[in-house]
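Report on the structure given below.
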Amino acid sequence: MDVLMLQKTMKLLADKTRLRILFIIYKQEVMVKDICQVLEINQPTVSRHLAKLRMLGIIVDRREGNAIYYHIDNDREHFRVIEVIMDECKNIEIFKMDIEKFNALSDEKTERGANNE
């Protein structure tokens, strides 16, 4: 990674909402609607942040029918920087709360899916 790319990466990650989004998708693929629910912000706002992260190559998307899943591109040069930042975020209360909400949402979806079988 060169200095310019590091600068762009750090500037992009200086936004609290983008950090929260990255923390949610750090270990798994996530759909926009799930991010919206966890962070309690609207879809256009989340999509705008995701677009910025995608343009720099920090995240990638995978389409499945109408659904779009986002995850961190751990094959890119940014990943080591993100790994260090995410390791620090795990000790900050707001990030812990986001993951708890995401896990509860995932559990709820799993439960609904099991009940529909």
Search result, residues across the range 68-111 that are under 17 Å from Ile35 (Cβ atoms) and among the basic types (Lys, Arg): Lys96, Lys101, Lys109
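When only residues in the range 61-78 that are hydrophobic (A, V, I, L, M, F, W, C) and surrounded by 14 or more Cβ atoms within 10 Å (Cβ to Cβ) count, which is nearest to the chain's Cα centre (by Cα)?
Kept after step one, since they are hydrophobic (A, V, I, L, M, F, W, C), are these residues of the range 61-78: 67-68, 72.
Going one step further and asking which of them are surrounded by 14 or more Cβ atoms within 10 Å (Cβ to Cβ), we end up with 68, 72.
Values: Ile68: 13, Ile72: 7 Å.
Here the residue is Ile72.
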query: Name the pairs: first residue in the range 1-12 and without any contact (Cβ under 8 Å) to a residue 12 or more places away in the chain, second residue outside any helix (DSSP H, G or I) and of a type in the set (Phe, Trp, Tyr), Cβ to Cβ under 7 Å, at least 6 apart or on different chains?
result: none
message: Quick check on the range 32-57: of everything there that is among the aliphatic types (A, V, I, L, M) and closer than 23 Å to Asn103 by Cβ, which residue is surrounded by the fewest Cβ atoms within 10 Å (Cβ to Cβ)?
response: Ile41
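Looking at the range 1-29 only, could you name the residues that are touching a strand residue (DSSP E or B) at 6+ places or on another chain (Cβ under 9 Å), at pLDDT 90 or above and not in a helix (DSSP H, G or I)? Give the derivation first.
To start, the set of residues in the range 1-29 that are touching a strand residue (DSSP E or B) at 6+ places or on another chain (Cβ under 9 Å) comprises 21-22, 24-29.
So of that shortlist, the ones also at pLDDT 90 or above come out as 21-22, 24-26, 28-29.
Matches in the range 1-29: Tyr26, Gln28, Glu29.
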message: Out of Ile72, Ile58, I need the residue that is under 13 Å from Phe23 (Cβ atoms) and touching a Phe, Trp or Tyr at 6+ places or on another chain (Cβ under 7 Å). Which one?
response: Ile72
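Hey, among Ile41, Ile85, which residue is among the aliphatic types (A, V, I, L, M) and part of a loop (DSSP other than H, G, I, E, B)?
Details: Ile85 fails: part of a loop (DSSP other than H, G, I, E, B).
Answer to the selection: Ile41.
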task: Please name all residue pairs, on different chains or six or more residues apart, with Cβ atoms under 8 Å, provided the first residue is in the range 45-73 and is free of Cβ contacts under 8 Å to residues at least 24 places away in the same chain and part of a strand (DSSP E or B) and the second residue is of a type in the set (Lys, Arg) and surrounded by 14 or more Cβ atoms within 10 Å (Cβ to Cβ).
output: Val60/Arg54; Asp61/Arg54
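The values are calculated or read from the model by the stated rules, or taken from the named source; none is laboratory data. A quick note: this is a predicted structure, and the numbers were derived from the prediction, not measured. Neighbour counts run over all protein chains shown; Cβ positions are idealised from the backbone, glycine included.
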